[in-house]
1. When CYS66, CYS29 are ordered from fewest to most other Cβ atoms inside 10 Å of their Cβ, what list results?
2. If region 38-108 were replaced by its equivalent ellipsoid, with semi-axes equal to the square roots of 5 times the Cα gyration tensor eigenvalues, what would those be, largest first, whole Å?
3. Along the Cα→Cβ direction, 7 angstrom out, place labels at GLU36 and LYS50. What is the inter-label distance in nm?
4. Give me the count of lysine pairs in region 24-114 whose alpha carbons sit under 17 angstrom apart, restricted to pairs 8 or more positions apart or on different chains.
5. Pull out a ≥ b ≥ c, the square roots of the eigenvalues of the alpha-carbon gyration tensor of region 55-95, then state rounded if a/c is under 1.5, prolate if not and a/b is larger than b/c, and oblate in the remaining case.
6. Ranked highest first by the average count of other Cβ atoms within 10 Å around their residues, in what order do 78-84, 37-43 fall?
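Please treat every number below as a calculation from the coordinates, not as lab data. What you see is a predicted model, and the numbers here were worked out from it, not measured in a lab. Note: ideal-geometry Cβ built from the backbone for every residue, glycine included; neighbour counts use all protein chains shown.
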Amino acid sequence: MKKVQAFLFVAVIALMFSSGSCKKQTCGCDGEVKFELNQVPGTINYEDTKFSYFISDGIYSYFTICDPEKVWDQISKFKNGEHVIVTGKAMDDCMKQMSYYYSSNYVLQLEEIKRPEF
């Protein structure tokens with residue numbers, strides 16, 4: 001009986017370490033690019049380096065920025081709520097699977113953000 005308990009203990013510890021080393025590899029729910037944004041106007045919003053989002057003017061969609069800390073140097077050049085032009089790749093947000101109300105939500109892999117030229 002003690003051998004079984006020892007084996008189970010070792011197995012549980014091994015599982016804890018192996019699952020803990022897995023990190024998020026992709027943006028979006030499945031990592032598949034649904035469409036690309038090419039110089040789309042909208043508003044950039046952020047709360048801190050961990051959460052940023054873009055609301056487009058023409059597509060009427062909400063885009064959560066994937067890994068905002070990696071592109072924070074680009075995002076932080078703009079004021080919260082500032083009108084910008086964005087280029088990037090859009091993937092499905094996993095919340096779409098839970099509710100219809102998230103049907104216009106996407107995850108954005110930001111490639112470029114700039115001020116509009118008036």
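1. By the 10 Å Cβ count, ascending, the order reads CYS29, CYS66.
2. Calculated on Cα positions only, the semi-axes equal 20, 14, 10 Å.
3. Those two pseudo-labels are separated by 3.3 nm.
4. Lysine pairs meeting the criterion: 12.
5. Oblate is the answer for region 55-95, as a/c is 1.5 or above yet b/c matches or exceeds a/b.
6. Highest to lowest by the protection proxy: 37-43, 78-84.
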